[in-house]
Structure formats: C-alpha cells, structure tokens
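Working notes, beginning with the structure itself.
Taken together, the values in this text are just the output of simple stated rules run on the coordinates, not laboratory data. The structure displayed is predicted, hence computed values, not measured ones. Positions of Cβ are backbone-derived with ideal geometry, glycine not excepted, and every protein chain shown enters the neighbour counts.
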Amino acid sequence: MIKHIGKHSDRKIAVVFKQVPDEEHMALVIHPDLLPAEWDTAIMRAIESPEGQAADDLGDVLHRTLLPNGNPILESLHKEGMIKKVQTSQIIMTPTQASHIRLDELNTILNEMKQGEDAVKRLADLDENAGMVDPRASQVQEAAQGAQNVLDDSKLAQDFEQQAARMKSEAESLMAESDRLLKEAAELKGEPVPKKPAKRGRKPKAETTKTTAS
C-alpha cells in the first residue's frame, strides 16, 4: 500500500495537498509524467520513504526534501507552475492496484476520524500560537495561488500580444510623421528631400545589362 498516489482523467498524479483551505472541494496535485526525470525520481523517493508514508499530506514532506540541485522540491514545483488545482471528486486514489476510492470520499472519512482529535489539537495550537495563522495553511494557500496563476498565463500572453501590436502601430505612425516633418524642413531650406532608407533585411537587386554578340 502506498499513499498520495492517484489518477485524474486516467493520468497518474501525486496528491500534494488533499484539500485547499477555504476550498475543501479542491486538491493540489502534480503530474509525474510532466516532470524532469530527476525530479520524478526524487519525488517518488520522498513518497515511498517512511516520512512520506507517515505524512497526512505529501506537501509537508516535499517542503523539506531537496532536489539533486539542492532546491526544496515543493518550492521548485511552485515556481515552475507544476502544481495544479483539481476537484477532489475527480481524483481517484489508488493505494493498491486492487483498491481505489474517490478523494472527496476519503477526505470525508479522514475528517470524521479526526474530528474528536482535532478539537483537542486546535485548543493546544491556539494557546501555543497565541492566535497566529497556521503556517502550514499559509503554505498551502500560496501553492494554490501559484496553481491559479498558471491558469492565467494564457490570458497574460494574449494581453502582451495585443500591447505589442498597439506599440507597433504607434511606432509606424510616429515614423510617418517624422518623414513628413523632415520633408517639409528640407523644402523650407531649399534642400533636396531626404530619401527614405531602404528597409533592413532586403538588399536592392543589382541591375544587369544584357550583352549581344557582335
């Protein structure tokens, strides 16, 4: 039996956080087949380790586990936009080849099991942290925000393209106005009108003369 492994749309995933704060119907996942080989190997080792299997959420272990380049795995996944937000009802957990359960159903069972235990822990945490925000919740929320930013990249790229088109149009208009002013200045001074420079990237065709045999 191995925890944290499941499927989404028949693709293998690793569940980083089973629930997102204030969005309990959503989970944060990664697709191992989209990762560099050395990342996938490091993550699978973390999952299969005793610490990984003992952890409630894989993200807690990835936060303190390093990649071969020395960077924390969770931080690297977040920076590269590899963490995705998925509905828990669409995730099938596969602890063994013969067993499976939907993540939303698993979360319900786990939450009910921990209900009594969590009540005691919450009182202790409130006393210890003196009302401070749970750092783990902040960490999950940051990863969730990173996943949302990935979804916005396409819109951002479209905005950049539209902005570039506007800038190009404005530049062409300014160049045309510059040519007009230079032409008027030359006429006022009685000088030859300056010729427009040839466009870059194209060389003028060399004139050829035909010769005929005498």
### Message
Check which residues have an amide H placed less than 5 Å from Ile91's amide H, if you skip close sequence neighbours.
### Response
Leu103, Asp104
### Summary
Rg/Rh of the range 39-99 (Cα atoms, Kirkwood Rh), to two decimals, equals 0.99
### Query
Can you list residues whose amide H is under 5 Å from Val16's amide H, if they're 5+ apart or on another chain and H is modeled 1.01 Å from N?
Leu28, Val29, Ile30
### Summary
Flagged as over-length at 18 Å C-alpha distance, from Lys12/Lys84; Lys18/Lys79; Lys7/Lys85; Lys85/Lys114; Lys7/Lys84; Lys12/Lys114, the pairs are Lys18/Lys79; Lys85/Lys114; Lys12/Lys114
### Query
If each of Gln97 and Ala185 carries a label point 7 Å out from its Cα toward its Cβ, how far apart are those two points in nm?
8.1 nm
#### Entry: Alpha-carbon spread of the range 1-55, three principal axes, descending order, Å
33, 25, 19
### Query
Taking 0.36 nm per residue of separation and subtracting the Cα-Cα distance, what length does fully extending Arg45 through Glu24 add?
4.8 nm
